[in-house]
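S.K.: For reference, the structure I am asking about is given below.
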Amino acid sequence: MSASFNGNGQGSFWVDGVSIAHVGPVSFAVDGGECIGVEGRSGSGKSLLLRALADLDPNTGEVVLDGESRSGMEAPLWRTRVGLLPAESRWWFETVEEHLQSCSALSDWLQRLGFEEDVVKWRVDRLSTGEKQRLSLARLLSRKPQALLLDEPTANLDATSSGWVESLISDYRTAFTVPVIWVGHDPQQLRRVASRVLTVEEGGLTGDCFGSTPTLQETTSGAPES
Amino acid sequence: MSILSLSPLDLAIASILILILALLSHLERLGIARTILWSAVRMAIQLMAIGVVLKALFEDLHPAWMIVMASIMLGVSGREVSKRQKQRFQKGWSYGIGTGSMFFSSFIVTAVAIFIVIQPDPWYTPQYLIPLLGMMLGNTMTAVSLGMDRLIQDVARDRMTVEARLLAGESWQQAITPYAQDAVRTGLIPTINSMAAAGLVSLPGMMTGQILGGNPPMLAVGYQILVMFMIAAGAGFGTIFSVKMASRRLFDERHRLRLDRLHKP
């Protein structure tokens, strides 16, 4: 598959025939700046699908972000472009600061997530689960991902904190024309944050998988094959 | 100085101590009385067997026998390394990594000792080659198995943290580094401790054996220092090599943590 693609869909995210364990093959697309929701019962494979898109588990199929294919890119670079926010955050250094990349918008994001600026000096072991959840979003955004794969980003948060997270993700998405895939269990929230909602059931994906985004085949027709 | 030989009766009297220990374990319901007795019997049989083999080797001096003996020792120690892992790699990778690391470290270090330091004539004189290689393999085996076990246990337990580091754009080498460092340290602790305590807290087994066997203490000390250097180097090289190999095996070419390559615990 070609490493670069012509056509529409600046910043678009294409998933072409991705299979992992009992899920797939699935194909769908998310336009740059668009947010889609993914729902399904527990154990249906929603998180597994996000892990496959981030290339964290062995899987088949192709994923293309903004014209660049996953297979043509080193995995660590791909994972910085496609930012996956797992349902449970994990930390490995002593302080918050050591996990964050310096970024001009960081202090603003931290403030919008309900933190004082000195939170970066905090030790990770004094953070509550909810604080870790919110800070893990700031940690992810500080790496400037070009797509967001969010696995229940507000699962451990109260209504106010959830509102902060929803608002920040929405602003980041529109400011940087970033495609967002939001996995969640709350149908009301998914319909609030996403323009389309897909459902993982019986190993497949149902719903409007392409919306207004052209399919990968449509987009790549005429593009040179490598 | 004359050497006092041990009769079977002397050994039988010493074995009474083991019987008492087993009885005490039974009375205290520790559940290890049988294991103690079986280990003691197994140890006696193994040592008598090696005694017979060494006697035969001493009488029929040929390098081919040395190579056969060294290969058997290496194969058995590789199996021991694999057995001591709580979680092993599938498809014999634990055995392969363990045996490969011990071959790489023990054989090279023993070769240095034989060809450069001691220089016996001929080089395959079993009196030097077999005991030195045995001690190297025994100690390297402990270090390698401790290091590999620690690495795999820690990474399996911290799977989500390792994956969080990968998601942050780290390569597998960056994500595994703190775990690999801890694993190497763990593997080398017994060796470092035994070097630190040698002569102050404990008299090392080889030196004690030589002194009991009638050799002058300073000669025994000289050999013990040589052996300590060899063991430290061999255990260090073996542990570093095995932890590097095991670390590589834990990830694939797409920098994905592959715990599915381990047998289920």
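Read-outs: derived from the displayed coordinates by stated rules, not from any lab. No experiment lies behind these values; they were computed from the predicted model shown. We place every Cβ from the backbone using ideal geometry, glycine too, and count neighbours over all the protein chains shown.
S.K.: Any residue at all in segment B:231-254 that's in contact (Cβ under 8 Å) with a residue 60 or more places away in the chain, within 14 Å of another protein chain (Cβ to nearest Cβ), more than 19 Å from B:LYS86 (Cα to Cα) and of a type in the set (Lys, Arg)?
M.R.: No, because not a single residue in segment B:231-254 is in contact (Cβ under 8 Å) with a residue 60 or more places away in the chain, within 14 Å of another protein chain (Cβ to nearest Cβ), more than 19 Å from B:LYS86 (Cα to Cα) and of a type in the set (Lys, Arg).
S.K.: Next question. Please tell me if A:SER27 is in contact with a Pro (Cβ under 8 Å, 6 or more places away or on another chain) and in a strand (DSSP E or B).
M.R.: Criteria not met by A:SER27.
S.K.: Let me ask another. Against the condition under 27 Å from A:PHE13 (Cα atoms), without any contact (Cβ under 8 Å) to a residue 12 or more places away in the chain and among the hydroxyl-bearing types (Ser, Thr, Tyr), how does A:SER128 come out, does it pass?
M.R.: It is false that A:SER128 is under 27 Å from A:PHE13 (Cα atoms), without any contact (Cβ under 8 Å) to a residue 12 or more places away in the chain and among the hydroxyl-bearing types (Ser, Thr, Tyr).
S.K.: Has segment A:183-192 got any residue that is within 30 Å of A:GLU98 (Cα to Cα) and surrounded by 18 or more Cβ atoms within 10 Å (Cβ to Cβ)?
M.R.: Checked against the condition, which is being within 30 Å of A:GLU98 (Cα to Cα) and surrounded by 18 or more Cβ atoms within 10 Å (Cβ to Cβ), segment A:183-192 yields at least one hit.
S.K.: Go through segment B:161-189 and count every residue that is within 8 Å of chain A (Cβ to nearest Cβ) and within 18 Å of A:VAL82 (Cβ to Cβ).
M.R.: Final tally of qualifying residues: 9.
S.K.: Then there is this: Please go through segment B:151-160 and give me each residue that is surrounded by fewer than 20 Cβ atoms within 10 Å (Cβ to Cβ) and more than 14 Å from every other protein chain (Cβ to nearest Cβ), ordered by number.
M.R.: B:GLN153, B:ALA156
S.K.: Next up: In segment A:141-153, is there at least one residue being part of a helix (DSSP H, G or I) and not hydrophobic (A, V, I, L, M, F, W, C)?
M.R.: Within segment A:141-153 (the criterion being part of a helix (DSSP H, G or I) and not hydrophobic (A, V, I, L, M, F, W, C)), the answer is no, since none of the residues qualifies.
S.K.: Is there a residue being of a type in the set (Gly, Ala, Ser), in a loop (DSSP other than H, G, I, E, B), within 14 Å of chain B (Cβ to nearest Cβ) and within 19 Å of B:ALA168 (Cα to Cα) anywhere in segment A:34-51?
M.R.: no
S.K.: So is A:SER71 within 12 Å of another protein chain (Cβ to nearest Cβ), in contact (Cβ under 8 Å) with a residue 60 or more places away in the chain and either of a type in the set (S, T, N, Q) or assigned to a helix (DSSP H, G or I) (or both) or not?
M.R.: yes
S.K.: Then there's this: Taking segment B:195-222, which residues are within 16 Å of the chain's Cα centre (by Cα) and either in contact (Cβ under 8 Å) with a residue 24 or more places away in the chain or buried (at least 19 other Cβ atoms within 10 Å of the Cβ) (or both)?
M.R.: Passing the criteria: B:MET195, B:PRO204, B:MET206.
S.K.: Residues in segment A:53-67: is at least one without any contact (Cβ under 8 Å) to a residue 24 or more places away in the chain, at the interface with chain B (Cβ under 10 Å from one of its Cβ atoms) and either outside any strand (DSSP E or B) or touching a helix residue (DSSP H, G or I) at 6+ places or on another chain (Cβ under 7 Å) (or both)?
M.R.: No, the conditions are met nowhere in segment A:53-67.
S.K.: Among the residues of segment A:140-154, which ones are of a type outside the set (S, T, N, Q), out of contact with any Pro (no Cβ under 6 Å at 6 or more places or on another chain) and within 13 Å of another protein chain (Cβ to nearest Cβ)?
M.R.: Of everything in segment A:140-154, those that are of a type outside the set (S, T, N, Q), out of contact with any Pro (no Cβ under 6 Å at 6 or more places or on another chain) and within 13 Å of another protein chain (Cβ to nearest Cβ) turn out to be A:LEU140, A:LEU141, A:ARG143, A:LYS144, A:PRO145, A:LEU148, A:LEU149, A:LEU150.
S.K.: From B:ALA175, B:ALA168, B:ALA111, B:ALA164, grab the single residue that is touching a residue at least 12 places away in the same chain (Cβ under 8 Å) and either among the charged types (D, E, K, R) or on the phi < 0 side of the Ramachandran plot (or both).
M.R.: On inspection, the qualifying residue turns out to be B:ALA175.
S.K.: Out of the residues in segment A:83-96 meeting the condition of being surrounded by 14 or more Cβ atoms within 10 Å (Cβ to Cβ) and more than 9 Å from every other protein chain (Cβ to nearest Cβ), tell me which one is nearest to the chain's Cα centre (by Cα).
M.R.: Only one residue tops the list, namely A:ALA87.
S.K.: Right, something else. Regarding segment A:155-166, can at least one residue be identified that is surrounded by fewer than 19 Cβ atoms within 10 Å (Cβ to Cβ) and either under 19 Å from A:GLY32 (Cα atoms) or within 14 Å of chain B (Cβ to nearest Cβ) (or both)?
M.R.: Scanning segment A:155-166 turns up at least one residue that is surrounded by fewer than 19 Cβ atoms within 10 Å (Cβ to Cβ) and either under 19 Å from A:GLY32 (Cα atoms) or within 14 Å of chain B (Cβ to nearest Cβ) (or both).
S.K.: Looking at this structure, is B:ILE225 of a type in the set (Val, Ile, Thr) and either closer than 30 Å to B:SER5 by Cβ or without any contact (Cβ under 8 Å) to a residue 12 or more places away in the chain (or both)?
M.R.: Yes; evaluated as a whole, the condition is true for this residue.
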